[in-house]
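Asks: The structure that follows is given in the form of structure tokens.
The values are calculated or read from the model by the stated rules, or taken from the named source; none is laboratory data. Just so you know, these numbers come straight off a predicted model, no measurement behind them. Glycine also receives a Cβ, built like all others from the backbone with ideal geometry; neighbour counts cover every protein chain displayed. Ligands, DNA and RNA are excluded from the accessible area calculation, which covers all protein heavy atoms including side chains. Shrake-Rupley method; radii C 1.70, N 1.55, O 1.52, S 1.80 Å.
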Amino acid sequence: MREKWFYNSMFLYHVFVVWYRFQFPMVSDEDRTFAGRWKFLTHWNAMLQIAYYTCCGLLVNSNLLDKWEPVRDQAFHIVILPLSVFVSLMFWGLYIYDRDLVFPAHLDKVVTPFFNHQKHSAVVLWTFLEAAIVHHNKPGHLEGHFIAGLFCATYLAVVLWVHAAGGVWAYPVLGLMSWAGKALFSGVSILVYLAFYRVGLVFSELLHDPPFSISKLD
């Protein structure tokens with residue numbers, strides 16, 4: 001029952017987010033460059049969350065969620081949770097250090113505060129809330145790491161393609177680095193993403209199967 005309530009709430013919330021997005025176009029100069037907003041990891045995360053919670057909302061109301069549970073569990077552990085944490089921490093970390101690297105001041109006049117926090121803050125809240133409410137089975141060790149690494153490599157390939165084809169970097173910080181610096185930054189980013197993936201697994205396990213509990217001590 002808690003799962004159905006949660007997924008229905010998330011489904012309705014993301015329907016509202018989509019409606020809100022079309023009510024306020026919020027098109028920036030960066031969005032008009034090559035590949036538009038699809039070159040930004042934040043947009044990938046937002047679209048994946050919308051797709052994920054839409055599918056979960058539809059499945060839970062059609063009583064098909066149990067059938068698709070393995071796919072849901074893998075999507076949550078490998079992409080939804082670690083990507084949301086990665087996007088949020090990277091964005092706010094760079095924002096605090098030098099906001100011009102990720103969110104120049106002129107974007108304050110384009111992107112509303114609600115939408116900014118939806119993309120960079122609320123995404124973490126929803127995934128942590130789901131981890132607490134819904135029990136997700138862990139993916140296989142090698143399988144999970146392989147798919148997580150493949151996802152990271154796919155995005156990095158898109159970033160390189162956008163630069164090669166359109167002459168722009170998705171994030172200004174990349175343009176300030178040498179190619180050796182870009183390689184190091186990318187490698188560290190992948191390791192950080194995989195670390196978030198591992199932490200997510202441990203976090204979920206502690207919530208639903210704590211090592212110490214009253215029942216185990218009885």
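Asks: Can you give me the angle between helix 141-166 and the longest principal axis of the chain, using Cα atoms only, in degrees from 0 to 90, rounded to the nearest 10?
Replies: That works out to roughly 20 degrees.
Asks: Under a 1.4 Å probe, what is the accessible area of the chain per residue, stated in Å²?
Replies: On the way: 12040 Å² over 218 residues.
Averaged over the residues of the chain, the accessible area is 55 Å².
Asks: Averaging sequence separations of C-alpha pairs under 8 Å and six or more residues apart, then dividing by the length of region 1-98, give the relative contact order as a whole percent. Please list the in-between numbers first.
Replies: Details: 35 pairs, mean separation 35.6, N = 98.
Value for region 1-98: 36 percent.
Asks: Taking a probe of 1.4 angstrom, what is the accessible area of Leu206 in Å², to the nearest 10?
Replies: Result for Leu206: roughly 90 Å² accessible.
Asks: Using a 1.4 Å probe on the protein chains only, how many percent of the accessible area of region 68-123 belongs to carbon and sulfur?
Replies: On the way: 1700 of 2460 Å².
Exposed carbon and sulfur together represent 69 percent of the surface.
Asks: What is the helix-to-structure angle for 179-208, meaning the angle in degrees between its Cα long axis and the longest Cα principal axis of the chain, kept from 0 to 90 and rounded to the nearest 10?
Replies: 20
Asks: Which of the aspartates and glutamates could a cross-linker span from Lys4 if the Cα-Cα distance has to be under 16 Å and same-chain partners fewer than 8 positions apart are dropped?
Replies: Asp66, Glu69, Asp73, Glu130
Asks: What are the lysines whose alpha-carbon lies under 19 Å from the alpha-carbon of Lys182, with same-chain residues fewer than 8 places away excluded?
Replies: Cross-link targets: Lys39.
Asks: What's the magnitude of the charge dipole for region 93-218 around its Cα centre, counting Lys and Arg as +1 and Asp and Glu as -1 at the beta-carbon? Answer in Debye, nearest 20.
Replies: Details: 7 positive and 8 negative charges, 51 e Å.
Approximately 240 debye in magnitude.
Asks: Does anyone have the angle between helix 2-23 and the longest principal axis of the chain? Alpha-carbon axes, 0 to 90°, nearest 10?
Replies: Approximately 20 degrees, to the nearest ten.
Asks: A further question on this structure: Extending each Cα 7 Å along its Cβ direction at Arg2 and Val199, get the distance between those two points in nm, one decimal.
Replies: If labels sit at Arg2 and Val199, their model points lie 2.3 nm apart.
Asks: What does the charge dipole of the chain about its Cα centre add up to, to the nearest 20 debye, if the Cβ of each Lys and Arg holds +1 and the Cβ of each Asp and Glu holds -1?
Replies: Value, rounded to 20: 280 debye.
Asks: Quick one: putting +1 on the C-beta of Lys and Arg, -1 on the C-beta of Asp and Glu, what dipole do you get for region 4-78 around its Cα centre, in Debye to the nearest 20?
Replies: Details: 7 positive and 6 negative charges, 20 e Å.
Computed about the Cα centre, the dipole is about 100 debye.
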